[in-house]
1. Take residues that are farther than 23 Å from Thr213 by Cβ and of a type in the set (Ser, Thr, Tyr) and tell me which of the strands (runs of 3 or more DSSP E) falling wholly in segment 1-77 contain 1 or more.
2. Go through Ala545, Ala494, Ala554 for me and flag whichever is open to solvent by less than 50 Å² (accessible area, probe 1.4 Å) and under 20 Å from the mean Cα position of the chain (by Cα).
3. Are there any pairs with C-beta distances below 7 angstrom linking a residue in segment 3-24 that is touching a residue at least 40 places away in the same chain (Cβ under 8 Å) to a residue that is assigned to a loop (DSSP other than H, G, I, E, B) and among the hydrophobic types (A, V, I, L, M, F, W, C), with the two at least 6 apart or on different chains, and if so which?
4. Quickly run through segment 501-529 and pick out the residues that are in a loop (DSSP other than H, G, I, E, B) and either charged (D, E, K, R) or open to solvent by 40 Å² or more (accessible area, probe 1.4 Å) (or both).
5. On the given criteria, is Ala419 over 30 Å from Asp193 (Cα atoms) and open to solvent by less than 10 Å² (accessible area, probe 1.4 Å)?
6. At pLDDT below 90 and either under 18 Å from the mean Cα position of the chain (by Cα) or not small (Gly, Ala, Ser) (or both): is that true of Pro124 in this structure?
7. Being of a type in the set (A, V, I, L, M, F, W, C), open to solvent by less than 20 Å² (accessible area, probe 1.4 Å) and under 30 Å from Ala16 (Cβ atoms) is the filter here; which residues of segment 87-125 pass it?
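The values are calculated or read from the model by the stated rules, or taken from the named source; none is laboratory data. Computed from a predicted model, the values in this text were never measured in an experiment. Because the Cβ atoms are built from the backbone with ideal geometry, glycine has one as well, and the counts that use them run over all protein chains shown. Protein only, heavy atoms only, side chains kept; ligands, DNA and RNA dropped before computing areas. Shrake-Rupley method; radii C 1.70, N 1.55, O 1.52, S 1.80 Å.
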Amino acid sequence: MDTTTPVLSIDHLTVAFDVEGERVLAVDDASFSIGHREVVAVVGESGSGKSMTAMTVMGIAPDGAQASGSVRIGDLEVLAAGESALRAVRGRRVSMIFQDPSAALNPVWSIGFQIAEAVRRAIPDGGDRPDRAEVRARCIELLRLVEVPEPERRLRQYPHELSGGQCQRVMIAMALAADPDLLIADEPTTALDVTVQAEVLDVLRRLRERTGTSILLITHDMGVVADLADRVVVMRNGRVVETGDAQAVFSTPAAEYTRELLAAVPRMGVGNAIADLVVGGAPLGGPADGALGGPAAVLEARGLVVEYGRLGRRFRAVDDVSFEVGRGEIVGLVGESGSGKTTIGRAAVGLAPITGGSIVVSGTDVQGASRAERQAMRRNVGVVFQNPMMSLNPRYTVAQTIAEPLRQILGLGAGEAEARVDRLLADVGLGSAWRHRYPHELSGGQRQRVAIARAVALDPALLIADEPTSALDVSVQARVLDVFRELQERLGFACLFITHDLAVVDSLCDRVVVLRSGRLVEHGTRERILRAPEDEYTRRLIAAAPVPDPHEQAERRAMRLAS
């Protein structure tokens, strides 16, 4: 391979669509390149053109896309290539891995079958077809390359039997079946916990060193960029506003937009000024470090046990967990996938089988409550989910979405409900002009604001927020968190904030509860847990959280790998 020729060259790329007779530019005169063994990160908000650029490189731009300029993979001009030439490139010279491996893997086929299909597709036209033993050997080799333990056993398993990190490694293995020159990674770690994310990034880093594969990384996580990228391309509204060495872009960004992006990133150690106000050694609105049974408790979990399955084959998802959330307090619930975070949130609204201990919400024991008592309790609880597009009814306008609980539960008339909807939209920074729009007409951050408005419509005593910002761009995330803080300060609801982003916890929460494999590891004030953790698991979580600084991130990575 000629290592002096760029693996990918993009020159003056423009991708346009005709929308209602008007020409809309998704990518506007973008230019950058990727060299041999180089990792280039493309960053920017939703709608910046980064994913459209990647799809154009793969030759899979949506119908109606009008592309001009030049996209060259080695010596192949993609924009002028026919479908047969593009099929020869996809999966062979260029491969792609996606954000959600659980959605990309077929649930009805084994891991071995799916990797074997990728291996067979990687054979050049006219090449010798390998026999079953050779295909199996290559599948095992690929799983070992991405550091999946016990690869022979994994071939017989199905996607639901693997963790999120293992599924993502399987996706990377499939993408590497043909030893591609370029790997396009589209948000490859967004849905992963910090420790799993660190492991996947280590795999990609070592992969680049072992195979010489170049990587086009598309992400909104500036910590991931600092950890992995050699160079950074910053896009906004389809245009490249800045490109350069990663260290230079982070330390001395040239573009104002880049400075705004970096300023919006939550950072460990900055803390929450409001949470830092203390009275008698305890955060305002909450009990002292580790205390239980405070008079203002809105949610109390005592020895909580949640089990699934039948007698003799039961799985304990939550095991003897005790903590509380006080009025006016935000408590962060953190831990890896499978730690029991979401299960506790579901138990708080009666959607998980409580088999031991208790969970009390606003004075109501969820397990012992009658159906009527449980329904009344749920009126005092709002819930915000990770993916607002999935939680909003696509057939309802913004106004209908927010008004539904007001009319169905409070029985408000049309005029009163409309007035309340306008106030709620103003509270989340949207305004009444958005009331007639549908979810598909909103950005991710706008949809999440609508979901928050709906969740607080009934003035809940408790708000459960399950990963509400993890899928959002950093600047959008910052605006949503600002809205969240302002609402919580004004309305005074208690909040259980479920997340894997420790920087968000540091900027938002009063206290922190750390879970591992269903058990409580430690809990206390945010300052104590994040600055002086007592448990080794908590220290590992903090060490694995990426920071938006390439130099500091390299030091943290070296310390983590040495420990």
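1. Working: elements: 8-19, 22-34, 39-43, 66-73.
Passing ranges, in order: 8-19, 66-73.
2. Details: Ala494 fails: under 20 Å from the mean Cα position of the chain (by Cα); Ala554 fails: under 20 Å from the mean Cα position of the chain (by Cα).
From the options Ala545, Ala494, Ala554, the qualifying one is Ala545.
3. Once the first residue is touching a residue at least 40 places away in the same chain (Cβ under 8 Å) and sits in segment 3-24, its partners that are assigned to a loop (DSSP other than H, G, I, E, B) and among the hydrophobic types (A, V, I, L, M, F, W, C) give Val15/Ala61; Val15/Ala65; Phe17/Ala65.
4. Restricting attention to segment 501-529, the residues satisfying the condition of being in a loop (DSSP other than H, G, I, E, B) are 501, 509-510, 517-518.
Matches in segment 501-529: Asp501, Asp510, Ser517.
5. Details: over 30 Å from Asp193 (Cα atoms): yes; open to solvent by less than 10 Å² (accessible area, probe 1.4 Å): no.
Considered against the rule, which asks whether it is over 30 Å from Asp193 (Cα atoms) and open to solvent by less than 10 Å² (accessible area, probe 1.4 Å), Ala419 comes out as no.
6. Numbers: at pLDDT below 90: yes; either under 18 Å from the mean Cα position of the chain (by Cα) or not small (Gly, Ala, Ser) (or both): yes.
So Pro124 fits the description; yes.
7. First pass over segment 87-125, keeping only residues of a type in the set (A, V, I, L, M, F, W, C): 88-89, 94, 96-98, 103-105, 108-109, 111, 113, 115-116, 118-119, 122-123.
Those still in the list that are open to solvent by less than 20 Å² (accessible area, probe 1.4 Å) too: 89, 94, 97, 105, 111, 115-116, 118-119, 122.
Of everything in segment 87-125, those that are of a type in the set (A, V, I, L, M, F, W, C), open to solvent by less than 20 Å² (accessible area, probe 1.4 Å) and under 30 Å from Ala16 (Cβ atoms) turn out to be Val89, Val94, Ile97.
A quick yes/no check of all residues on (1) part of a helix (DSSP H, G or I); (2) surrounded by 17 or more Cβ atoms within 10 Å (Cβ to Cβ); (3) free of Cβ contacts under 8 Å to residues at least 12 places away in the same chain:
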| site | (1), (2), (3) |
| --- | --- |
| Gly415 | yes, no, yes |
| His436 | no, no, no |
| His440 | yes, no, no |
| Gln446 | yes, yes, no |
| Arg454 | yes, yes, no |
| Asp459 | no, no, no |
| Leu463 | no, yes, no |
| Arg479 | yes, yes, no |
